[in-house]
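A short worksheet on the structure shown next.
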Amino acid sequence: MELGGPVCKIYSGQEILNRYQESIDKDLIPILLFRDYGEMCINIRHYKQEKDYLTYPG
């Protein structure tokens, strides 16, 4: 993403797999990147418990 470009980038399926494999916390699956804030993820543990499962950066 370039300065002044898109506010967020939705990861492709391959990018999701790559980011997940690199991640330390295997409960989180990264799905998009907010330019100034960081990644939004799906929290698998919360999803299985039927809780709010989307994380917000920070």
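In region 37-55, the residues that are within 23 Å of K9 (Cα to Cα) reach residues that are surrounded by 15 or more Cβ atoms within 10 Å (Cβ to Cβ) and of a type in the set (S, T, Y) with C-beta atoms within less than 7 angstrom, at least six apart or across chains, in these pairs: M40/T55; C41/T55; I42/Y53; N43/Y53; N43/T55; Y47/Y53. So which residues in region 8-18 are β-branched (V, I, T) and surrounded by 12 or more Cβ atoms within 10 Å (Cβ to Cβ), if there are any at all? The answer is I16, and nothing else.
One line per residue, one yes/no per condition, for (1) assigned to a strand (DSSP E or B); (2) of a type in the set (G, A, S); (3) open to solvent by less than 90 Å² (accessible area, probe 1.4 Å); (4) in contact with a helix residue (DSSP H, G or I) (Cβ under 9 Å, 6 or more places away or on another chain):
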position: P6; (1), (2), (3), (4): no, no, yes, no
position: Y20; (1), (2), (3), (4): no, no, yes, no
position: P30; (1), (2), (3), (4): yes, no, yes, yes
position: D36; (1), (2), (3), (4): no, no, no, no
position: M40; (1), (2), (3), (4): yes, no, yes, no
position: H46; (1), (2), (3), (4): no, no, yes, no
position: E50; (1), (2), (3), (4): no, no, no, no
position: P57; (1), (2), (3), (4): no, no, yes, no
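The values are calculated or read from the model by the stated rules, or taken from the named source; none is laboratory data. Keep in mind the model is a prediction, meaning the values are calculated, not measured. Reconstructed Cβ throughout: ideal geometry from the backbone, glycine too, with neighbour counts over all protein chains shown. To get the accessible areas, we keep the full protein, side chains included, count just its heavy atoms, and leave off ligands, DNA and RNA. Shrake-Rupley method; radii C 1.70, N 1.55, O 1.52, S 1.80 Å.
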